[in-house]
1. For B:Thr331, indicate whether it is crowded, with 24+ Cβ neighbours inside 10 Å, among the hydroxyl-bearing types (Ser, Thr, Tyr), within 12 Å of chain A (Cβ to nearest Cβ) and closer than 23 Å to B:Gln106 by Cα.
2. Would you say B:Leu338 is crowded, with 18+ Cβ neighbours inside 10 Å and at the interface with chain A (Cβ under 10 Å from one of its Cβ atoms)?
3. Just one of the numbered conditions (1) part of a loop (DSSP other than H, G, I, E, B); (2) at pLDDT 95 or above; (3) surrounded by fewer than 22 Cβ atoms within 10 Å (Cβ to Cβ) is not true of B:Pro357; which one?
4. Report yes if A:Pro116 is in contact (Cβ under 8 Å) with a residue 24 or more places away in the chain, over 26 Å from A:Val69 (Cα atoms) and surrounded by 19 or more Cβ atoms within 10 Å (Cβ to Cβ), otherwise no.
5. Just checking, does region B:276-288 include any residue being more than 21 Å from B:Gln184 (Cβ to Cβ) and part of a loop (DSSP other than H, G, I, E, B)?
6. So if I check each of B:Leu150, B:Leu203, which one is at the interface with chain A (Cβ under 8 Å from one of its Cβ atoms) and in contact (Cβ under 8 Å) with a residue 24 or more places away in the chain?
7. I want to confirm something. Restricting to region A:206-245 and keeping residues that are of a type in the set (S, T, N, Q) and facing chain B (nearest Cβ under 7 Å), which single residue is surrounded by the most Cβ atoms within 10 Å (Cβ to Cβ)?
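The values are calculated or read from the model by the stated rules, or taken from the named source; none is laboratory data. Predicted model, so just to flag it, every value in this text is computed and none were measured. Cβ atoms come from the backbone with ideal geometry, glycine included; neighbour counts cover every protein chain shown.
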Protein chains: 2
Amino acid sequence: MLSTSMVRAKEPTTMRAFLDRLGVQLPIIQAPMAGGPDTPELAAAVGEAGGLGSLGCAYLSAEQIDALVARTRSLAGKPFALNLFIREDDATAPADPAPILAMFRQELGLPSQGRPGKPPPSFDAQLAAVLRARPRVFSFTFGLLKPSQLDELRAANILVVGTATSLDEAEALAALGVDAIAAQGSEAGGHRGTFIGRTEESLIGTMALTRQIVAKVNIPVIAAGGIMDGAGIRAAFGLGATAVQLGTAFMLCPEAGTHPAHRAHLLSPEARRTVVTRAFSGRAARGIRNRMTDAFEGVSTPPFPVQQELTAELRAAAAAQGRTDLMQMWTGQGAPLLRELPAAVLVRALAAEAGLPIT
Amino acid sequence: MLSTSMVRAKEPTTMRAFLDRLGVQLPIIQAPMAGGPDTPELAAAVGEAGGLGSLGCAYLSAEQIDALVARTRSLAGKPFALNLFIREDDATAPADPAPILAMFRQELGLPSQGRPGKPPPSFDAQLAAVLRARPRVFSFTFGLLKPSQLDELRAANILVVGTATSLDEAEALAALGVDAIAAQGSEAGGHRGTFIGRTEESLIGTMALTRQIVAKVNIPVIAAGGIMDGAGIRAAFGLGATAVQLGTAFMLCPEAGTHPAHRAHLLSPEARRTVVTRAFSGRAARGIRNRMTDAFEGVSTPPFPVQQELTAELRAAAAAQGRTDLMQMWTGQGAPLLRELPAAVLVRALAAEAGLPIT
């Protein structure tokens with residue numbers, strides 16, 4: 001182990017070649033944010049500005065994916081990415097969150113026992129819709145595709161991006177043969193992609209995670225988590241990333257579907273305090289701390305998507321009533337640096353700050 | 001909030017001026033690692049190579065601090081930093097970890113009930129020793145100095161560095177009037193410095209934390225957590241840091257006091273899996289996951305330093321027997337990029353990789 005050998009930074013040609021494959025001008029990707037902030041309008045605006053927009057389709061039926069793709073294409077003729085969750089639903093005995101939920105349901109004027117929401121559509125149907133849509137990029141979270149699924153995406157000329165929260169996961173994705181890895185640092189908002197080991201040991205900061213995946217895995221790495229401005233983008237490139245993915249940074253764009261109460265909260269000191277919680281969906285995700293996340297701290301929940309279904313009415317009622325104490329407000333740790341700008345203006349500002357060429 | 005204004009990167013002159021105050025050539029600080037890895041030999045070697053060595057004195061009596069300082073000065077005439085913990089011991093009712101500890105004590109051949117270790121020496125006596133030693137730099141962790149204590153350090157011409165794990169803490173330190181802030185990102189190994197709010201919401205990645213403190217607080221920021229090579233150092237400077245602090249990166253240096261079993265573990269895949277645990281000391285700290293950390297997961301412990309005292313014999317016996325399943329092995333998330341080099345060679349390699357001038 002006596003070596004001073006440096007990890008080489010990615011050559012500029014690597015970035016150029018990767019951008020050519022993405023079909024975009026800028027190595028700036030708007031992250032998928034299923035269930036609210038990401039909209040066809042946001043993805044289209046990011047695309048028009050030279051970045052790559054993403055649409056999270058994890059909760060959509062095949063027909064809804066078809067419609068979303070059609071709408072996005074009607075707004076802009078630019079490449080975009082679709083994202084799905086690989087579900088390996090946990091088989092552990094579910095805890096019963098009913099007493100906590102009943103208390104909050106009562107506050108929201110809901111009957112103490114409710115109808116659980118619908119389970120997400122089948123992954124196979126969703127993937128079929130993705131193959132029909134033929135987006136430039138398909139990204140997936142929470143696990144590994146089957147080799148046959150990867151082959152189908154490849155055959156459709158779709159660039160495939162897997163999500164890693166640890167070096168182990170990045171190695172597994174590289175062994176599967178994906179085209180690129182989104183390194184989801186612990187700063188990132190929303191669901192954690194962890195699929196090997198436990199969430200707690202895979203909350204690895206973007207600085208450490210990006211660098212070790214770049215050093216050990218020989219495919220392009222997209223750094224994600226806590227990147228909010230050109231300095232963050234330059235830092236990610238310094239670590240050897242080939243592109244960056246920003247979610248929280250886009251949440252105040254007028255094109256984003258971010259809930260008005262969530263928007264207001266993002267501009268408050270409350271946004272400095274995020275936690276990783278299973279309260280809303282049964283899967284670890286980073287959001288602004290509130291009464292709901294506090295109530296489930298140290299409390300085990302049923303697995304995803306069972307908890308997601310059990311809290312469906314509660315989440316809808318809390319959002320309808322603008323109750324930030326009970327709403328789901330996925331947010332990354334970069335929130336204190338949020339700017340309220342149209343998406344295209346933001347993309348161009350990020351590119352200028354990072355010293356990237358803009359046409 | 002409609003603004004594209006960029007946070008300006010620190011001017012090179014700021015770094016030069018800060019280095020002049022530190023009295024060193026390179027903006028590379030070896031982190032304090034109380035209780036093992038940091039030694040006078042390590043601090044001296046880092047100092048000779050142009051960096052700033054640190055000595056963690058949190059567990060030492062005033063006399064031990066005097067001796068440590070004398071030994072360090074006998075090895076090298078270079079500036080160094082001393083570090084202390086500000087203790088605001090938690091007043092919550094202590095849980096009783098006795099059953100878990102008794103089980104492990106039995107495995108280690110210790111009587112099931114033992115003598116608790118000694119409490120750490122008083123902070124006032126420790127600080128008096130620091131003032132006698134007059135190091136170039138004094139850093140503190142876990143809280144705020146009293147203004148009178150800061151004045152005394154200032155009068156002794158000691159540069160004072162506070163530790164922040166959140167923007168709130170950085171603002172509190174700036175209001176106190178420290179000279180610089182060590183931004184302890186969530187990647188960092190060892191004890192978390194959190195003193196406002198809860199550890200869970202202050203586990204902020206180095207990328208996000210460094211950038212927001214630089215943007216919002218107008219004193220030099222020392223980035224810490226997950227930095228292992230020149231690319232990491234360059235990335236930290238890109239975020240606007242004025243210097244960097246590395247702990248884990250130095251743990252395999254021959255000059256470090258790292259336990260042989262811990263050294264071997266650092267080179268194994270186990271080092272990829274660290275967790276933040278209160279198992280060993282009662283205070284949240286990042287170390288390699290093992291049976292001891294697993295046993296205390298979700299279990300509340302007595303506060304620091306009570307748990308530290310209760311586990312003293314167990315920790316000593318586990319270390320003596322090389323039992324990595326029960327040892328305390330503080331480690332940061334950058335471990336997969338560890339290199340086994342003499343400290344001076346490592347400092348020079350880091351500087352060369354980062355493009356820093358070396359004489």
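1. On the way: crowded, with 24+ Cβ neighbours inside 10 Å: yes; among the hydroxyl-bearing types (Ser, Thr, Tyr): yes; within 12 Å of chain A (Cβ to nearest Cβ): yes; closer than 23 Å to B:Gln106 by Cα: no.
No; evaluated as a whole, the condition is false for this residue.
2. Details: crowded, with 18+ Cβ neighbours inside 10 Å: yes; at the interface with chain A (Cβ under 10 Å from one of its Cβ atoms): yes.
So B:Leu338 passes the test.
3. (2)
4. Values: in contact (Cβ under 8 Å) with a residue 24 or more places away in the chain: yes; over 26 Å from A:Val69 (Cα atoms): yes; surrounded by 19 or more Cβ atoms within 10 Å (Cβ to Cβ): no.
In short, no.
5. Our first condition is that a residue be more than 21 Å from B:Gln184 (Cβ to Cβ); within region B:276-288, this holds for none.
For region B:276-288, residues more than 21 Å from B:Gln184 (Cβ to Cβ) and part of a loop (DSSP other than H, G, I, E, B): absent.
6. On the way: B:Leu150 fails: at the interface with chain A (Cβ under 8 Å from one of its Cβ atoms).
The unique qualifying residue is B:Leu203.
7. The first filter runs over region A:206-245 and keeps only residues of a type in the set (S, T, N, Q), leaving A:206, A:210, A:212, A:218, A:242, A:245.
Adding the requirement that they be facing chain B (nearest Cβ under 7 Å) leaves A:206, A:212.
Values: A:Thr206: 36, A:Gln212: 26.
Checked region A:206-245; the qualifying residue surrounded by the most Cβ atoms within 10 Å (Cβ to Cβ) is A:Thr206.
Each row is one residue, and each column tells you yes or no for (1) surrounded by fewer than 20 Cβ atoms within 10 Å (Cβ to Cβ); (2) within 14 Å of another protein chain (Cβ to nearest Cβ); (3) charged (D, E, K, R).
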{"position": "A:Arg263", "(1), (2), (3)": "yes, yes, yes"}
{"position": "A:Thr301", "(1), (2), (3)": "no, yes, no"}
{"position": "A:Leu310", "(1), (2), (3)": "no, no, no"}
{"position": "A:Arg323", "(1), (2), (3)": "yes, no, yes"}
